[in-house]
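The structure appears below as structure tokens.
The values are calculated or read from the model by the stated rules, or taken from the named source; none is laboratory data. What you see is a predicted model, and the numbers here were worked out from it, not measured in a lab. So basically every Cβ, Gly included, is an ideal-geometry build from the backbone, and we count neighbours across all protein chains shown. Side chains are part of the model used for accessible areas, which takes the heavy atoms of the whole protein and leaves out ligands, DNA and RNA. Shrake-Rupley method; radii C 1.70, N 1.55, O 1.52, S 1.80 Å.
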Amino acid sequence: MLDRGSAIRIVLLEPAGGEGSNRWYRLIAAGSSGNDIRQLFERSAVTLVRMLRTRVGSLSLPRTLPRSHFRPLTDEELASLLGNPGSAR
């Protein structure tokens, strides 16, 4: 349980490379924010230096999209995120 009273559901946690103290992990968590993930690592006595969000729901975020920038969603992406797959506006 985290400070704000929610529980994180870890779907996948696997090593993704690196060596020494510079290690990368692939984490898929449902129902959590970036702050929840940071708190999870801190409580495990692991220093989290950098976190990259690569997906939100079914939407994959391109690595070329800079932090705090956006791009318009396609009709298919919007329908998928709203829970209406296959029905574009």
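Yes or no, residue by residue, for (1) surrounded by 12 or more Cβ atoms within 10 Å (Cβ to Cβ); (2) not charged (D, E, K, R):
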position: G31; (1), (2): no, yes
position: D36; (1), (2): yes, no
position: L40; (1), (2): yes, yes
position: R50; (1), (2): no, no
position: G57; (1), (2): no, yes
TODO: Being among the hydroxyl-bearing types (S, T, Y) and open to solvent by 80 Å² or more (accessible area, probe 1.4 Å) is the filter here, so list the residues in segment 1-29 that pass it.
DONE: S21, Y25
Task: Where a residue in segment 66-79 is more than 15 Å from T54 (Cα to Cα) and its partner, wherever it lies, is open to solvent by 100 Å² or more (accessible area, probe 1.4 Å) and at pLDDT below 90, with Cβ under 8 Å and at least six apart - done: D75/R89; L78/R89; A79/P85; A79/R89
Open item on the list: From the list L78, L27, L73, exactly one residue is modelled with pLDDT of 85 or more and in a strand (DSSP E or B). Which is it?
Closed with: L27
